[in-house]
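Chemist: Before I ask anything, let me first share the structure, which is written out below as structure tokens.
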Amino acid sequence: MYAYSDTEFQDLEQYWSFVLDKRLNPRDCTIWIRCSTGRLCVDPGGQIADFPVNCIMAASLPPRAPISEIPIDREAMIISAFTLEGYHVSCQWYCSQSYEETIRDTAVSVTLGALSFCPYGTSYRGSTEVAWIPDDYPTDAGFGWQPCTKIMRNGWTRVHSSELDPSNPVIVHHVYPNAPRTSWPAQANSILNQLRMTSDFSDYVLIGGITYLVEISGPLVDLPAGYLFLCPLTHLQSGTPMGFRFPECVAYWSPDPWGLQRLSVESAQSLGFPSPVLSLHLSGHRWDNAVYAGLQQFHRGKGFDPESQEVARYLDIPLYQLLYK
């Protein structure tokens, strides 16, 4: 369905662009099947929320034939319609369930990109990390992406008190895995097989991003002149490149632009500077049993052993390993 909707959408998008000289948003289209021909059609107008047209690369598209001419064997149709990469993209973004959690417990540590046993209703503090990519490293967006910040030579990020936005008193630091987002679908069944798991796969969460949220508590108007310094990535890591924790000091105030004179929390408050409060936001994905079964069938249909890491090696994707054997 994804592949066919994308085929029709590309035709419509080219026509729309040629006639009206405008880009067509796929979210503003209606998807339907013409009964007389059995073809899937995409029309501008209306909306069909969250249906992922335009999600498969051109190389993964099937022949332009009416649906009625497609072989009855639906499994064979899907396998022939998708490339490995295209199917993995669909599983990663359109067949997953989002996981989000904000943590304020400073004892919690997280391995970025790890697979964790974290059933619904369980906090990440009570989870168990079971697999990771040991050779991966983080992609660091840092605190410095915001216009008001300046990165110092020692890695700390500086913000002048006058540049803090009263309407948005939160400064964020995003960290993501460097490995492709489709690394997990390419080898998921191999890792689950090593864990001897046969059901309840949605109890497992893949951590795809960590965001440090520094909330400046208190009013941000009429602040005294001074500088807020935010710690570098190395202060957030817990001994390995992909391990993250709550740092001993995420931020401090200083009256000088080099940050040499660190103000204690009490001193900063007495001078009128608000206190920075840190929380940790985790984001990731879950997949249910049906998605993993589909991956297994798809990889087998493409000629790979789904319980091995053949697909990942074929695609030159970093390999997951169990954290504990």
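Chemist: Determine, yes or no, whether I210 is β-branched (V, I, T), more than 25 Å from E248 (Cβ to Cβ) and in contact with a Phe, Trp or Tyr (Cβ under 8 Å, 6 or more places away or on another chain).
Modeler: No, not satisfied.
Chemist: A131: assigned to a loop (DSSP other than H, G, I, E, B) and within 14 Å of G243 (Cα to Cα), yes or no?
Modeler: no
Chemist: In this structure, is W253 more than 23 Å from T102 (Cα to Cα) and part of a strand (DSSP E or B)?
Modeler: yes
Chemist: Yes or no: A268 assigned to a loop (DSSP other than H, G, I, E, B), assigned by TED's automatic domain parsing to the domain that holds S123 and aliphatic (A, V, I, L, M)?
Modeler: For A268, the condition - assigned to a loop (DSSP other than H, G, I, E, B), assigned by TED's automatic domain parsing to the domain that holds S123 and aliphatic (A, V, I, L, M) - is not met.
Chemist: Examine region 195-212 for a residue that is at pLDDT 95 or above and either under 14 Å from P276 (Cβ atoms) or not assigned by TED's automatic domain parsing to the domain that holds I103 (or both), and state whether such a residue exists.
Modeler: yes
Chemist: Within the set of pairs 6 or more residues apart or between chains, which connect a residue that is touching a residue at least 24 places away in the same chain (Cβ under 8 Å) and part of a loop (DSSP other than H, G, I, E, B) inside region 229-242 to a residue that is surrounded by fewer than 19 Cβ atoms within 10 Å (Cβ to Cβ) and hydroxyl-bearing (S, T, Y) with Cβ atoms less than 6 Å apart?
Modeler: As it stands, the answer is S238/S109; P241/Y137, since those pairs meet every condition given.
Chemist: Take the residues in region 119-140 that are crowded, with 16+ Cβ neighbours inside 10 Å and out of contact with any helix residue (DSSP H, G or I) (no Cβ under 6 Å at 6 or more places or on another chain); name whichever of them is nearest to L192 (Cα to Cα).
Modeler: Looking at the filtered set, the residue picked out is V130.
Chemist: Just one of (1) modelled with pLDDT under 95; (2) farther than 30 Å from F304 by Cβ; (3) within 22 Å of the chain's Cα centre (by Cα) trips up T182, so point out which.
Modeler: So the condition that T182 fails would be (2).
Chemist: Consider R245 carefully, then state whether it is under 21 Å from the mean Cα position of the chain (by Cα) and basic (K, R).
Modeler: The answer is yes for R245.
Chemist: Next question, about the same structure. List pairs: first residue in region 182-208 and within 12 Å of Y292 (Cβ to Cβ) and surrounded by fewer than 18 Cβ atoms within 10 Å (Cβ to Cβ), second residue of a type in the set (V, I, T) and modelled with pLDDT of 95 or more anywhere in the structure, Cβ distance under 6 angstrom, at least six positions apart or on different chains.
Modeler: none
Chemist: Six or more apart or on different chains, Cβ atoms under 9 Å: show the pairs whose first residue is in region 155-178 and over 30 Å from D136 (Cβ atoms) and assigned by TED's automatic domain parsing to the domain that holds D256 and whose second is loosely packed, with under 15 Cβ neighbours inside 10 Å and modelled with pLDDT of 90 or more.
Modeler: What qualifies is H160/A225; H160/P257; S161/P224; S161/A225; S162/A225.
Chemist: Next question, about the same structure. Only one residue in S36, S68, S80, S90 is crowded, with 18+ Cβ neighbours inside 10 Å, outside any strand (DSSP E or B), modelled with pLDDT under 90 and of a type in the set (S, T, N, Q), so which one is that?
Modeler: S90
Chemist: Among the residues of region 141-173, write down those that are closer than 20 Å to T211 by Cα, surrounded by fewer than 18 Cβ atoms within 10 Å (Cβ to Cβ) and of a type in the set (A, V, I, L, M).
Modeler: Selection gives A141, I151, L164, V170, V172.
Chemist: Kindly indicate whether any position in region 277-289 is surrounded by fewer than 20 Cβ atoms within 10 Å (Cβ to Cβ), of a type outside the set (D, E) and in a loop (DSSP other than H, G, I, E, B).
Modeler: no
Chemist: Regarding Y176, is this residue surrounded by fewer than 20 Cβ atoms within 10 Å (Cβ to Cβ), outside any loop (DSSP other than H, G, I, E, B) and in contact with a Ser or Thr (Cβ under 9 Å, 6 or more places away or on another chain)?
Modeler: Yes; evaluated as a whole, the condition is true for this residue.
Chemist: Whether any residue in region 240-248 is small (G, A, S) and at pLDDT below 95 is what I want to check.
Modeler: Checked against the condition, which is being small (G, A, S) and at pLDDT below 95, region 240-248 yields no hits at all.
The values are calculated or read from the model by the stated rules, or taken from the named source; none is laboratory data. What you see is a predicted model, and the numbers here were worked out from it, not measured in a lab. As a convention, Cβ positions derive from the backbone with ideal geometry for all residues, glycine included, and neighbour counts pool all protein chains shown.
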